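Input: a single structure, listed below in structure tokens.
What follows draws every value from the coordinates through simple rules; no lab data is involved. As the structure is a prediction and not an experimental result, all values here were calculated from the model. With ideal geometry, Cβ positions are generated from the backbone for all residues, glycine too; neighbour counts draw on all protein chains shown.
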Amino acid sequence: EVQLVESGGGLVQPGGSLRLSCAASGFTFSRYYMTWFRQAPGKGLEWVANIKQDGSETYYVDSAKGRVTISRDNDKNSVYLQMYSLTAEDTAVYYCARGALFVPHRPDIWGQGTLVTVSS
Amino acid sequence: NFMLTQSHSVSESPGKTVTISCTRSSGSIASNYVQWYQQRPGRAPTSFIYENNKRPFGVPERVSASIDISSNSAYLTISGLKTEDEADYYCQSFENNNQVFGGGTTLTVL
């Protein structure tokens, strides 16, 4: 079964850091583009960051540049999102998703999400 | 970057047909594929329509979608509405390695 499982969310203080993980299974991870999205409470979906199959290229939404880093480990079938200088506006459910094989910016499989709460 | 604009909510009765629109602010709607995602309360989004008008396995034939260049919009149509269709629906497209979502449309079936 194709599956993505996020972890690492939780409560963090403003100004703190957090590293999210997404473990993939059921497909050849190294062949796929991966993406992180987020959804603030009661709000819509927002793209956060992309990473190419070999990790050589990464892209970020303007609001996150300089505060987040996406990375991957193809040996561990995992993609990560390191977040810094967190503010209340970063409170959201964070989803990882797989890009479709020939249309990488079309997410086709989503994880169940992990909740990040930034609060003192 | 462009924006995708959706109506906030729509309501319709069971058995009826509803169409949800998604309008691109700049650049052609045909420039890149449009996708639609369904998100039920408390759940992750799932692929509902991909590459403008294709249905993933498991999405029923009463679901269809299209793009219209003259209105620079994409449209999602669900016919024979069922209560299980109640959900948020998001359109999505991309350009230059950036992905953009519409604000989402809440479909109520009552």
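Data overview
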| read-out | value |
| --- | --- |
| Search result, residues across segment A:5-21 that are touching a Phe, Trp or Tyr at 6+ places or on another chain (Cβ under 7 Å) and of a type in the set (A, V, I, L, M, F, W, C) | A:LEU20 |
| Checking A:GLN3 against (1) of a type outside the set (Asp, Glu); (2) within 12 Å of the chain's Cα centre (by Cα); (3) surrounded by fewer than 19 Cβ atoms within 10 Å (Cβ to Cβ); (4) at negative phi, the condition it does not meet | (2) |
| Tally of residues being more than 14 Å from every other protein chain (Cβ to nearest Cβ) and surrounded by 22 or more Cβ atoms within 10 Å (Cβ to Cβ) across segment B:76-110 | 2 |
| Filtered residue count, segment A:101-119, keeping only those that are surrounded by fewer than 16 Cβ atoms within 10 Å (Cβ to Cβ), part of a loop (DSSP other than H, G, I, E, B) and either in contact (Cβ under 8 Å) with a residue 60 or more places away in the chain or touching a Gly at 6+ places or on another chain (Cβ under 7 Å) (or both) | 3 |
| Wholly within segment B:11-69, strands (runs of 3 or more DSSP E) carrying at least 1 residues that are within 14 Å of chain A (Cβ to nearest Cβ) and surrounded by fewer than 18 Cβ atoms within 10 Å (Cβ to Cβ) | B:46-49 |
| Test: residue in segment A:95-111 that is more than 30 Å from B:THR105 (Cβ to Cβ), acidic (Asp, Glu), out of contact with any helix residue (DSSP H, G or I) (no Cβ under 8 Å at 6 or more places or on another chain) and within 11 Å of chain B (Cβ to nearest Cβ) | no |
| Exclusive hit being more than 17 Å from A:TYR33 (Cβ to Cβ) and hydroxyl-bearing (Ser, Thr, Tyr), set A:SER56, A:SER78, A:SER71, A:SER85 | A:SER85 |
